[in-house]
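Structure first, commentary second.
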Amino acid sequence: MNKIHQFSQLERAEIRKDLQNQEFDILIIGGGITGAGIALDAASRGLSVALVEKQDFGAGTSSRSTKLVHGGLRYLENFEFKLVHEVGKEREIVHKNAPHLVIPTKMLLPIVKNGSLGKFTTSIGLLVYDFLAGVKKNEKRRMLSKAQTLNKEPLLNKKILKGSALYYEYKTDDARLVIETMKKATSYGAKALNYCPFKAFIYNDKKLAGIKTFDLLDSKDFEIKAKTVINATGPWVDQIRSSDAAVKGKRLHITKGIHIVIDRKKLPINNAIYFDVHDGRMIFAIPKKNKIYIGTTDTNYKGNFENPEITKDDVRYLLDATKNLFPGMNISIDDIESSWAGLRPLIHEDGKSPSEMSRKDEIFFAPSGLISIAGGKLTGYRKMAERIVDIVLKQLRSSDGRPFVKCKTENIPLSGGDFKFYPEILKLVDYADSKYDEVKQTGISIQQFKNLFYRYGTNLDTIINKAFVIFNEVKDAELAFLKAEIWYSIQFEMTSNLVDFFLRRTEMLYFEPRKVDQLKQIVFDEFKTYFTWNKEMVEKQIEELSLELKRITQFIPTV
Ligand code: FAD
């Protein structure tokens with residue numbers, strides 16, 4: 001096989017060799033958004049970068065969030081003005097660098113009797129937010145009367161509604177944000193592998209000199225040497241810290257948040273809605289494709305980190321709050337089509353409840369040289385990365401005198417985000433239309449095209465070229481584009497199995513679980529043409545996908 005890309009699952013052995021054969025400036029443990037962001041920042045400033053992830057990229061919290069690139073409205077409640085300013089600015093930058101993936105969406109904030117928000121305080125709060133977060137003129141908040149609100153959302157509870165505020169949030173696909181960041185990092189030379197857990201630290205005279213790891217897919221132990229080791233393992237940060245030294249002082253506090261997905265027919269709302277729960281918290285109901293996802297909860301968590309469980313109490317909490325705001329809608333546990341649970345790596349603060357704890361990130365320094373980073377938000381990943389790489393570069397400057405290079409990622413489009421027309425973002429639609437014109441003669445459905453466009457942005461060209469070649473053989477547009485997508489996913493996005501593909505490359509397991517059932521055999525057969533799987537591995541693939549489907553759709557009586 002010709003060398004195609006440095007982020008290809010088919011080039012695992014070469015990447016592993018590269019990881020073993022040099023001493024890196026920086027080695028990152030953890031391939032969520034924090035690790036991916038650090039990899040891109042460091043590689044683009046000229047550092048040699050290695051990254052290992054024990055599951056798939058983004059398989060931790062970074063594929064289990066509310067999938068919003070926030071302006072940080074909630075932080076105002078805790079008077080964290082600086083944070084609101086920073087994330088507001090960041091939201092704009094992340095949007096600019098991946099306009100196909102980070103998309104503005106109207107958010108309605110209903111004001112209800114006995115709710116946590118009053119009309120006046122909401123109006124002032126959002127005014128302050130618009131100012132601090134640097135919100136664009138056309139996205140500034142608008143206050144609506146009760147009648148105006150019902151005009152927009154007739155299903156809201158008329159008995160308790162007093163009015164609403166309309167503002168903007170940005171929707172994303174969190175796992176793809178990780179993948180596109182990783183892809184860009186590798187285009188700058190970063191070397192990264194998924195399915196490689198950290199096993200132990202290597203020391204040289206009590207200072208960290210690298211790690212021992214294990215390639216789970218090829219069953220190979222290996223070592224990676226590095227001048228600096230960064231622990232970016234999110235909820236697992238304290239576990240890794242404790243492999244180096246006893247965790248003292250500040251530590252993580254893990255809370256769980258779940259989301260449920262229902263069909264849009266069950267809750268036909270027109271906008272994303274951010275609304276009150278009886279306990280003073282707030283949750284979202286967000287339209288996505290033909291579904292609505294609702295979340296999230298915030299409860300202390302002590303169970304399994306890889307697959308946090310969802311309880312019926314978690315689900316009831318979300319359903320009760322939804323039924324309170326939309327009393328005419330008959331939504332029950334049987335309507336849940338899929339669900340996910342994620343863990344927040346918060347920084348523990350004595351005496352505070354989960355919702356009261358700050359979402360700020362924290363950096364921990366160990367005498368061995370280990371640098372750990374946790375907390376924060378998806379939205380703020382670029383700034384977190386900048387802070388870490390500034391520290392690493394200063395350390396390297398004092399050890400080997402290399403020059404300090406300033407962070408560049410503000411102006412680096414993520415992979416797939418190479419549109420030339422920012423800030424005229426409406427041109428995104430024109431761009432998509434022109435791409436559709438290129439492919440419509442194959443008979444591809446608009447929905448399949450849209451899915452591909454918003455997943456791959458400017459990388460869609462590579463998929464289209466491949467799809468045309470396949471189409472000439474199979475004469476079936478849906479199949480040709482699906483096969484081309486799988487090819488791209490394996491060769492350019494380090495996809496190694498069906499769950500990577502259906503969950504973190506395409507979100508189909510969350511938003512089209514029934515389609516996964518229909519497509520799984522075709523996708524499986526196509527995967528088999530790329531990998532030499534023995535009988536045991538074939539069985540494992542099928543078993544893992546069924547397990548994941550079961551986990552995600554656990555509340556459906558029959559899938
Ligand atoms: P993770 O994504 O968990 O990544 C850490 C990685 O380290 C994992 O992939 C894990 O497999 C890997 N790892 C662990 N141990 C090892 C090891 N031994 N060897 C190798 N790798 C290892 N933020 C927003 O901005 N917007 C939102 O809408 C939003 N909603 C949220 C909703 C919920 C329910 C939750 C829980 C969080 C939400 N957040 C949101 C916060 C955001 O999702 C997190 O801050 C962010 O994803 C954390 O990323 P991370 O890379 O630090 O951690």
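The values are calculated or read from the model by the stated rules, or taken from the named source; none is laboratory data. All figures in this text were calculated on a predicted structure; none of them were measured in a lab. All Cβ positions, glycine included, derive from the backbone under ideal geometry; neighbour counts span all protein chains shown. When the accessible area is computed, the model is the full protein with side chains, heavy atoms only, and any ligands, DNA or RNA have been set aside. Shrake-Rupley method; radii C 1.70, N 1.55, O 1.52, S 1.80 Å.
Provide a single number: the residues in the range 144-196 that are in a loop (DSSP other than H, G, I, E, B), of a type in the set (Gly, Ala, Ser) and under 26 Å from residue 379 (Cβ atoms).
Counting residues in the range 144-196 that are in a loop (DSSP other than H, G, I, E, B), of a type in the set (Gly, Ala, Ser) and under 26 Å from residue 379 (Cβ atoms) gives 1.
Residues that are open to solvent by 60 Å² or more (accessible area, probe 1.4 Å) and touching a His at 6+ places or on another chain (Cβ under 9 Å): does the range 330-351 have at least one?
No.
Table: residues versus (1) open to solvent by less than 30 Å² (accessible area, probe 1.4 Å); (2) of a type outside the set (Ser, Thr, Tyr).
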position: 176; (1), (2): yes, yes
position: 182; (1), (2): yes, yes
position: 189; (1), (2): no, yes
position: 193; (1), (2): yes, yes
position: 211; (1), (2): yes, yes
position: 220; (1), (2): no, yes
position: 231; (1), (2): yes, yes
position: 240; (1), (2): yes, yes
position: 243; (1), (2): no, no
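Take the residues of the range 299-309 that are under 22 Å from residue 356 (Cα atoms) and over 18 Å from the mean Cα position of the chain (by Cα): which is most open to solvent (accessible area, probe 1.4 Å)?
Only one residue fits best here, namely 302.
Scan the range 163-171 and give yes if some residue there is farther than 20 Å from residue 29 by Cβ, among the aliphatic types (A, V, I, L, M) and either in contact (Cβ under 8 Å) with a residue 12 or more places away in the chain or outside the structural domain of residue 222 (by TED's automatic domain parsing) (or both), otherwise no.
Just the residues of the range 163-171 that are farther than 20 Å from residue 29 by Cβ, to begin with: 163-171.
Remaining after also requiring among the aliphatic types (A, V, I, L, M): 165-166.
With the extra rule that they be either in contact (Cβ under 8 Å) with a residue 12 or more places away in the chain or outside the structural domain of residue 222 (by TED's automatic domain parsing) (or both), the set shrinks to 165-166.
Yes - at least one qualifying residue is present in the range 163-171.
Looking at the structure I just gave you, is residue 390 in a loop (DSSP other than H, G, I, E, B) and outside the structural domain of residue 481 (by TED's automatic domain parsing)?
Details: in a loop (DSSP other than H, G, I, E, B): no; outside the structural domain of residue 481 (by TED's automatic domain parsing): yes.
Judged against the criteria, residue 390 is not a match.
Looking only at the range 341-360, how many residues end up being more than 8 Å from the ligand (Cβ to nearest atom) and either of a type in the set (Val, Ile, Thr) or assigned to a strand (DSSP E or B) (or both)?
Residues of the range 341-360 more than 8 Å from the ligand (Cβ to nearest atom): 346-358, 360.
So of that shortlist, the ones also either of a type in the set (Val, Ile, Thr) or assigned to a strand (DSSP E or B) (or both) come out as 346-347.
Adding up the residues that qualify gives 2.
With (1) surrounded by fewer than 24 Cβ atoms within 10 Å (Cβ to Cβ); (2) at pLDDT 95 or above; (3) of a type in the set (A, V, I, L, M) as the list, and residue 1 as the residue in question, which single condition is left unmet?
It is condition (2) that residue 1 fails.
Can you find a residue in the range 251-274 that is of a type outside the set (Asp, Glu), closer than 30 Å to residue 366 by Cα and over 21 Å from the mean Cα position of the chain (by Cα)?
Yes, the conditions are met somewhere in the range 251-274.
Identify, by number, the condition in (1) touching a residue at least 40 places away in the same chain (Cβ under 8 Å); (2) under 22 Å from residue 272 (Cα atoms); (3) open to solvent by 30 Å² or more (accessible area, probe 1.4 Å) that residue 108 doesn't meet.
Exception for residue 108: condition (3).
Could you say whether any residue in the range 53-60 is outside the structural domain of residue 499 (by TED's automatic domain parsing), open to solvent by less than 10 Å² (accessible area, probe 1.4 Å) and not in a loop (DSSP other than H, G, I, E, B)?
Checking the range 53-60: not a single residue is outside the structural domain of residue 499 (by TED's automatic domain parsing), open to solvent by less than 10 Å² (accessible area, probe 1.4 Å) and not in a loop (DSSP other than H, G, I, E, B).
For (1) within 18 Å of residue 546 (Cα to Cα); (2) of a type outside the set (Asp, Glu); (3) assigned to a loop (DSSP other than H, G, I, E, B); (4) assigned by TED's automatic domain parsing to the domain that holds residue 217, each residue gets a yes or a no:
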position: 453; (1), (2), (3), (4): no, yes, no, no
position: 467; (1), (2), (3), (4): no, yes, no, no
position: 472; (1), (2), (3), (4): no, yes, no, no
position: 479; (1), (2), (3), (4): no, yes, no, no
position: 489; (1), (2), (3), (4): no, yes, no, no
position: 494; (1), (2), (3), (4): no, yes, yes, no
position: 503; (1), (2), (3), (4): yes, yes, no, no
position: 523; (1), (2), (3), (4): yes, yes, no, no
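Is it the case, given these coordinates, that residue 397 is touching a strand residue (DSSP E or B) at 6+ places or on another chain (Cβ under 9 Å) and either free of Cβ contacts under 8 Å to residues at least 60 places away in the same chain or open to solvent by 40 Å² or more (accessible area, probe 1.4 Å) (or both)?
Details: touching a strand residue (DSSP E or B) at 6+ places or on another chain (Cβ under 9 Å): no; either free of Cβ contacts under 8 Å to residues at least 60 places away in the same chain or open to solvent by 40 Å² or more (accessible area, probe 1.4 Å) (or both): yes.
Considered against the rule, which asks whether it is touching a strand residue (DSSP E or B) at 6+ places or on another chain (Cβ under 9 Å) and either free of Cβ contacts under 8 Å to residues at least 60 places away in the same chain or open to solvent by 40 Å² or more (accessible area, probe 1.4 Å) (or both), residue 397 comes out as no.
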